Amino acid sequence: MNPHLSHLVGLLLSVAGFVLLALSMPRHQEDVLGHLLAARASLLMRCSGWGLLTAALILAIQARGTGMGLVSWAGQLSMAAGLVFVGLLIHHRRKTRR
Amino acid sequence: MRQHSSTPPRSATAVRSRGIRQTMSDLHIWTGLLVGWLLYAIFLTGSVSYFREEISRWAQPEAAHAGKAAPSPDRPAIAQRLVDAMQTRHAPEAGRWTITLPSARDPLASVSWQKPVKAGERARRAQQRATLDPQTGDRIELRDTRGGDFFYRFHYNLHYLPVIWGRWIVGFCTMFMLVAIISGIITHKKIFADFFTFRWGKGQRSWLDAHNGLSVLGLPFHLMITYTGLVTLMLMFMPWGAERAFPTPAQQNALRAELSSFREPSPPSAEKAPLTGVADLVRQAQARWGEAHVERLTIDNPGHANATIVIRRGDGERVSESPRHLVFDGVSGQLLDSRDAVGHAAETRGVLLALHTGRFADDWIRWFYLILGLAGTAMIGSGLVLWTVKRRAKLPDPTRPHFGFRLVERLNIATVAGLPVAMAAFLWGTRLLPLDLAARAAREVDLFFLVWALMAAHACLRAPRRAWIEQWALASLLLALTPVLDALTSDRGLPGSLLDGDWVFAGFDLVMLVLAALTASFAWRTARHQARVPAARGRKNNPKGGNSPGESGALRSVKAAGENHPAREASIVPAGEARS
């Protein structure tokens, strides 16, 4: 796989994974959705969030080999967590300003 | 504690865990403060060093035209051309040539050479260096500049000090960084619950959330970079194991050979013999490692019967810096030795080193490294500011803080805002100092420290919040004008390099603009909090704290809210953080 594409897909998978993980937490459910989700829905989100992060890992190793894959994944993961953090922050700011 | 059967185990655990958190919190706060300023400088200069080559190229715009001509992919022919140029023009009498082939990041070849060693004499390291055009083998005259190398060397050698002292000081700080990270993890008990949490506009709480967020999101990176930083200099910090295991000089040479491709030069033989062609040797190396990964040729005693040629693989796309090289007979061209593997311990070290230096990185990973490094810098900076934010609320008289508080506050300004100003000034120096200035490269560094010292003096003379605003504004101004400087001091500016598709120059200017916006926002937020004071005074029950890098908002709201504010500030601090 083209390295650019593998980084991009890995990053998108990780962002999606972290969004699901954030939405499995009551605090962010209230903030983003305005209400709490049922326990089963939260659990499902948490599992699929972890699943997406794992998928990003497998993809990275498949595309770049073990060494480069692990490092790429670690970088994508940190970037994605930061993006979701900033995204939630911006969302919260917009909501409270309205 | 558990053996006291009368105490319920649950509360005993609670007491003990609050105890350990408090202890770890103190450890974190005070080790962080002790080494924070130097760590900030180490992190910031180290982070930008991931773009060391690009900074150096920007600092030498006279070489920009060479970047336009796409480097010919025929590396064997380039290697042969460079060797011929060394032999006929640049260094026919030298005992060793080191030829670094052009790469995707540096389209020019850099070469160095040194005199032949005499038998029984220790090799002298005195080297001459030059930059060659890979298409012609001609020498390219470039300005005398340290470029990106300065930031890179400074981040582990410091400056104006013997290198060994600098490294010990940096090593000491790094060790305490590790202590601060681990004690910080123990202190911060809600890592997962607060993973994405940031409470905006809540003064000290916001500073704490920012510090926590930067720490936790980058935690794998911070731990990795700190630990591997120690590993890079481990044989200096802790030489005893290796000294004991490998006592004889021959064993120590064997150890060095496991760790790097460097070979001691040997004296030339009396017998002369012509050097073999290198193009075919480079092709053999390419077949082994891939087209782009042949990095460097080291040719010993060219023109003599005992000539050797070592071809070293570059670090690209390989997450290890353990040596990979081929050794050829320089006359017959026969392969004498190849290093394809080292022992497990040496390989482990190679991987840890590679993780630190990131030389394997593609563009994406290099940007990840830079961003995470800057996040680490911001983590340290926010931690330093948090120290003052937290204590300001508890000062007996906030208008007349005690000496220790004032010292920390001034040092924070001079470091957190002053260093970026000095770094921008260094970049300006690379472009503006007269080209014929004696020892020009050293003057660039002097300029950097002069500006930094001026920022320190400014931080001491001005009121703290004015100093924060002015230094961030100055940093922003210098950074924002850097593309203008680029246009005035080279034969094309940002539009020209964009049209040429030269992303080193265009990207550099664009990044400067982004950083200018960032530092401007710091200045603006600090200033804006000052303007907000009357509003805060009106809403006594809901004091808005500061979340500006200048933290003046926190100060102002403390003043505005009056006596009861410290208590309220303390009440929003979690148990692990409160220092009663």
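Any read-out appearing in this document is the output of simple, stated calculations on the displayed coordinates, not a laboratory observation. As the structure is a prediction and not an experimental result, all values here were calculated from the model. With ideal geometry, Cβ positions are generated from the backbone for all residues, glycine too; neighbour counts draw on all protein chains shown.
Quick one: of B:Lys190/B:Lys390; A:Lys95/B:Lys390; A:Lys95/B:Lys190, which pairs are farther than 22 Å apart, Cα to Cα?
A:Lys95/B:Lys390; A:Lys95/B:Lys190
Using alpha-carbon positions, what is the distance between the centroids of region B:447-483 and region B:129-190, in Å?
The distance from the Cα centre of region B:447-483 to that of region B:129-190 comes to 23 Å.
Apply the Karplus parameterisation 6.51 cos²θ - 1.76 cosθ + 1.60, with θ equal to phi minus 60°, to every residue of region B:192-198 and state each ³J(HN,Hα) to the nearest whole Hz, in sequence, with x for glycine and proline.
Per-residue couplings from phi come out as 7, 5, 9, 3, 9, 8, 9 Hz.
Modelled label-to-label distance, B:Phe237 and B:Leu223, 7 Å Cα→beta-carbon offset: nm?
1.7
Based on the Cβ-Cβ distance of B:Thr248 and B:Thr88, what FRET efficiency does E = 1/(1 + (r/R0)^6) give at R0 = 45 Å, to the nearest 0.05?
0.60
Across region B:463-473, in residue order, what do the Karplus-derived ³J(HN,Hα) couplings come to in whole Hz, using 6.51 cos²θ - 1.76 cosθ + 1.60 with θ = phi - 60° and x for Gly and Pro?
After applying 6.51 cos²θ - 1.76 cosθ + 1.60, I find 4, x, 6, 5, 4, 4, 4, 5, 6, 4, 5 Hz.
Provide the per-residue ³J(HN,Hα) series for region B:78-91, in order, calculated from phi with Karplus coefficients 6.51, -1.76, 1.60 and θ = phi - 60°, each as a whole number of Hz, with x at glycine and proline positions.
Karplus values, whole Hz, x for Gly and Pro: 4, 4, 5, 4, 5, 4, 4, 5, 4, 5, 8, 10, 8, 8.
If amide H atoms are built 1.01 Å from N in the plane of the peptide, which residues on other chains or at least 5 residues away come under 5 Å of the amide H of B:Ala109?
HN-HN under 5 Å from B:Ala109: B:Leu132.
I need the trypsin sites (Lys or Arg not before Pro) found in region B:364-458, filtered to DSSP loop residues with at most 14 other beta carbons within 10 Å of theirs.
B:Lys394
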